[in-house]
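I have placed the structure first, in the form of C-alpha cells, so that the comments after it can refer back to it.
The values are calculated or read from the model by the stated rules, or taken from the named source; none is laboratory data. Predicted model, so just to flag it, every value in this text is computed and none were measured. Here the Cβ positions follow ideal geometry from the backbone for every residue, glycine too, while neighbour counts run over all protein chains shown. Ligands, DNA and RNA are excluded from the accessible area calculation, which covers all protein heavy atoms including side chains. Shrake-Rupley method; radii C 1.70, N 1.55, O 1.52, S 1.80 Å.
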Amino acid sequence: MIRLALLRHGHTAWNRAGRMQGRSDIPLDDAARTELAAQTLPAPWNAADLCASPLVRAVETAQLVGGRAPQVYAALTEMSWGDWEGRKALDLKADPACDHRDIEQWGWSYTPPAGESPAGVRARVVPWADALRRDTVAVCHIGVMRVLLAHATGWNFDGPAPFRIKRNRLFVIGIEGGKWTAMEKPVRLERRAP
C-alpha cells in the first residue's frame with residue numbers, strides 16, 4: 001500500500017482576509033513562516049517523498065517543514081476560482097445575482113464563472129496520486145485536499161463533509177490496487193528541536 005499524506009499550505013494575507021486565492025500565487029505571510037519554521041514532519045513522513053503544488057505558498061511550506069526542496073507537480077495546483085479569485089466569499093454570498101454556494105451544495109460539477117469544478121480537479125489529481133510508487137507528503141491546497149479526501153471517502157460534495165481540514169496536520173490516504181482509504185485521524189506536525 002502507498003500512503004499519501006496531504007498537508008495544507010500555511011496562511012497568507014488573503015487567507016486571513018477571507019479572499020479566495022485559487023491559482024493566484026500569493027506567498028505565505030510572516031506569521032506563517034515563523035510558525036512553520038518551528039515545525040517539522042514526524043517520522044516516518046520525514047523520509048517520504050516530498051511534493052508540492054507549484055504555487056509559492058505550497059513550495060515554501062514544504063521547504064520549511066520538510067527541510068528540503070519539494071518535487072513540484074502542476075497536478076497539485078489549487079482549483080481555479082476563475083472570476084471570483086481575489087474576492088471575499090462573504091461578499092459573493094451576499095450578492096443575490098451570484099451563484100456562490102457553500103461546499104455542502106456543490107456536487108462534483110459545480111463550477112465558478114470561468115473556474116474549475118471539483119470533477120475537473122479530480123480528473124488531474126487522482127491519476128497523479130494513482131501513479132505514486134512511494135509514500136509521499138504532498139503540500140497543496142484545501143480545494144485539492146477536499147477532492148482527494150472526497151474520492152477516498154465517497155463524499156460527493158452534497159451534505160456535510162466527513163472530514164474537517166485543519167492546518168499543520170497530515171491527512172493520510174492509503175492507495176492500493178485502485179482502492180482508496182482515508183485514515184481517520186490526522187497526524188500532527190512536530191515541534192522542531194531547538
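Within the range 161-194, restricting attention to residues that are among the aromatic types (Phe, Trp, Tyr) and part of a strand (DSSP E or B), which residue is surrounded by the fewest Cβ atoms within 10 Å (Cβ to Cβ)? Per the stated criteria, the residue is Trp180. Trp106 meets the conditions (1) at pLDDT below 95; (2) under 17 Å from Gly178 (Cβ atoms) in every case but one. The failed one is (2). Residues that are part of a helix (DSSP H, G or I) and open to solvent by less than 10 Å² (accessible area, probe 1.4 Å) within the range 35-44 comprise just one, Leu36. On the given criteria, is Ala58 under 24 Å from Glu116 (Cβ atoms), modelled with pLDDT of 95 or more and in a helix (DSSP H, G or I)? Here the answer is yes, as Ala58 does meet what is asked.
Among the residues of the range 1-23, the ones that are open to solvent by 30 Å² or more (accessible area, probe 1.4 Å) and either of a type in the set (S, T, N, Q) or part of a strand (DSSP E or B) (or both) come to 5 in all. For residues in the range 104-118 being surrounded by 15 or more Cβ atoms within 10 Å (Cβ to Cβ) and hydrophobic (A, V, I, L, M, F, W, C), which is farthest from Ala52 (Cα to Cα)? For the range 104-118, the residue satisfying everything is Trp106.
Listed conditions (1) loosely packed, with under 13 Cβ neighbours inside 10 Å; (2) in contact with a helix residue (DSSP H, G or I) (Cβ under 9 Å, 6 or more places away or on another chain); (3) part of a helix (DSSP H, G or I) are all met by Arg68, apart from (3). One residue alone among Arg133, Arg101 is in a loop (DSSP other than H, G, I, E, B), among the charged types (D, E, K, R) and either under 18 Å from Trp155 (Cβ atoms) or touching a strand residue (DSSP E or B) at 6+ places or on another chain (Cβ under 6 Å) (or both), and that residue is Arg101. Among the numbered conditions (1) at pLDDT 95 or above; (2) under 25 Å from Ala43 (Cβ atoms), the only one that Lys185 does not meet is (1). Scan the range 88-103 for residues that are touching a His at 6+ places or on another chain (Cβ under 9 Å) and surrounded by 15 or more Cβ atoms within 10 Å (Cβ to Cβ) and report the count. Within the range 88-103, residues that are touching a His at 6+ places or on another chain (Cβ under 9 Å) and surrounded by 15 or more Cβ atoms within 10 Å (Cβ to Cβ) number 1. For Leu50, the criteria (1) exposed (fewer than 14 other Cβ atoms within 10 Å of the Cβ); (2) touching a residue at least 12 places away in the same chain (Cβ under 8 Å) hold in every case but one, which is (1).
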